[in-house]
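Only the coordinates and a few stated rules stand behind these numbers; no lab work does. Note that the structure is a prediction, hence the values are computed from the model and not measured. Here Cβ is always computed from backbone atoms with ideal geometry, including for glycine, and neighbour counts include all displayed protein chains.
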Amino acid sequence: MTVPILRRLADLREQHATWIRAGELVGVVPTMGALHAGHLSLVEAAKATCDRVIVTIFVNPRQFNSPEDLAKYPRTERADAEKLAPFDVDVVYVPDPDQIYPDGYATSVSVEGITDVLEGTFRPGHFDGVATVVAKLFLQTGAHKAFFGEKDFQQLMVVRRMARDLDIPIEVVGCPTVREDSGLAMSSRNMRLSAEALDKAGRLYPAMTGCADRLAAGETFDQIEPEARAALQAAGFGEIEYLDLRCADTLAPLQTPTRPARLLVAAWLDGVRLIDNIAVPQLSD
Ligand code: AMP
């Protein structure tokens, strides 16, 4: 089965209009391509609840912090189309760059507050790029539901806030992180890791679940943090940009998981920046 690829907004709109006339429910899965099982789980979730599914593939230059990172980002359109074929999606929208940022484009969407911490601290402007492109993709696809991974937990919160604040009539659905057997969260960036580095990367998830267990047993974050950092460094990780326990609703720092909490990490390994997060069981008062 070949996958129908559209590259122009006008063609997408034409297709979309026929679905809306038929009263169909449209879902969208925004991606930057280099698809793996994590992305495909979002496609599956969309297929399960929507009549029509659009997968978007757009490597958004505005959300990258360095031209090198953007240049190194994998672009694998043909392989992506092959991976999507079994899922019977209705359209793969791979917009030409001028369909997103035409000449003279001057508008940016910026979400305040929750973007000031964690990824926002280390990737200035990143979430403006994300919020801008996702707002455009929501409006261009006219989807009723959008599917995002909890792998990018803060991004999921930013996208939800943006859609709510701009009254975009779309339901943002968060889907669980898909992991390798080692526990490593699947990511397009993992492709840049050597076999040896992948082995080291597999130590991240057990370290995080170890932290979550200790927090759930009543230790405070300050008590466990030094050992957790040392364990990651011993595993071969370089700079740990953040390792934090945060409130899952506001991202405010927490010492103990007395409310829904998330442990979030960003760390470098062999020149690749990895991020991950897990829920921490809540302590009863
Ligand atoms: P990206 O192509 O990296 O921008 O990711 C596109 C979407 O896939 C985002 O909503 C991500 O959160 C989601 N995603 C990426 N990796 C995973 C994963 N391992 N499990 C679930 N969702 C993921």
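Could you tell me how far the Cα centroid of the stretch 1-35 sits from the Cα centroid of the stretch 89-145, in Å?
17 Å
If Lys and Arg each add +1 and Asp and Glu each add -1, what is the summed charge of the other residues whose beta carbon sits under 13 Å from the beta carbon of Val43?
With Lys, Arg at +1 and Asp, Glu at -1, the net is 0.
Which of Ala230, Leu6, Gly271 sits closest to the plus end of the dipole of the chain, meaning its Cα is farthest towards the positive end, when Lys and Arg get +1 and Asp and Glu get -1 on the C-beta?
Going by the charge dipole, the pick is Leu6.
Report, in cubic angstrom per residue, the convex hull volume of the C-alpha atoms of the stretch 12-98.
105 Å³
Scattering from the C-alpha atoms of the stretch 83-209 alone, worked out with Debye: what is log10 I(q)/I(0) at q = 0.11, 0.16, 0.20 1/Å?
So the normalised log intensities are -0.51, -1.02, -1.30.
Taking the alpha-carbon distance from Lys72 and a cut-off under 23 Å, which lysines remain once sequence neighbours fewer than 8 residues away in the same chain are dropped?
Of all the lysines, those that pass the test against Lys72 - Cα under 23 Å, at least 8 places apart if same chain - are Lys83, Lys151, Lys200.
Using a/c under 1.5 as the rounded threshold, could you call the stretch 187-285 rounded, prolate or oblate? The axes a ≥ b ≥ c are square roots of the C-alpha gyration tensor eigenvalues, and prolate needs a/b larger than b/c, oblate otherwise.
Cα axes put the stretch 187-285 in the prolate bin.
With the cut-off at 1.5 for a/c, could you classify the stretch 8-51 from its C-alpha gyration tensor as rounded, prolate or oblate?
Oblate is the answer for the stretch 8-51, as a/c is 1.5 or above yet b/c matches or exceeds a/b.
Counting helices only, and only those DSSP H runs with n ≥ 4, report the 222 nm mean residue ellipticity of the chain as the sum of -39,500 (n - 2.57) divided by its residues, in deg cm²/dmol to the nearest 500.
That comes out to -11500 deg cm²/dmol.
May I ask you to list, by number, the DSSP H helices of the chain whose Cα span along the axis is at least 15 Å and whose average Kyte-Doolittle hydropathy reaches -0.5 or more?
Going by DSSP H runs, the hits are 37-49, 126-141, 153-165, 204-216, 221-235.
List the lysines whose Cα lies under 20 Å from the Cα of Lys136, skipping any in the same chain that are fewer than 8 positions away.
Cα-Cα hits under 20 Å: Lys145.
Quick one: which residues, 5 or more positions from Phe58 or on another chain, have an amide H under 5 Å from its amide H? H modelled 1.01 Å from N in the peptide plane, none for Pro or chain starts.
Here Thr31, Met32, Gly33 satisfy the definition.
Taking Lys47 as the anchor, which aspartates and glutamates have their alpha carbon closer than 20 Å to its alpha carbon, excluding any fewer than eight residues away along the same chain?
Glu24, Asp80, Glu82, Asp88, Asp90, Glu150, Glu171
So what is the relative contact order of the stretch 140-275, in percent, for Cα pairs below 8 Å that sit 6 or more residues apart?
Reported as a whole number, the value is 19 percent.
Quick one: which of 199-205, 70-76 comes out on top by average Cβ neighbours within 10 Å, and what's the full order, highest first?
So the order, starting with the most tightly packed, is 199-205, 70-76.
Cα convex hull of the chain: mean projected area in nm², to one decimal?
It is 15.7 nm².
Arrange the following residues from fewest to most other Cβ atoms within 10 Å of their Cβ: Cys247, Cys50.
With the sparsest Cβ surroundings first, the list reads Cys247, Cys50.
Show log10 I(q)/I(0) for the stretch 149-227 at q = 0.15 Å⁻¹, two decimals, from a solvent-free Debye sum over equal Cα scatterers.
For the stretch 149-227, the Cα-only Debye profile gives -0.76.
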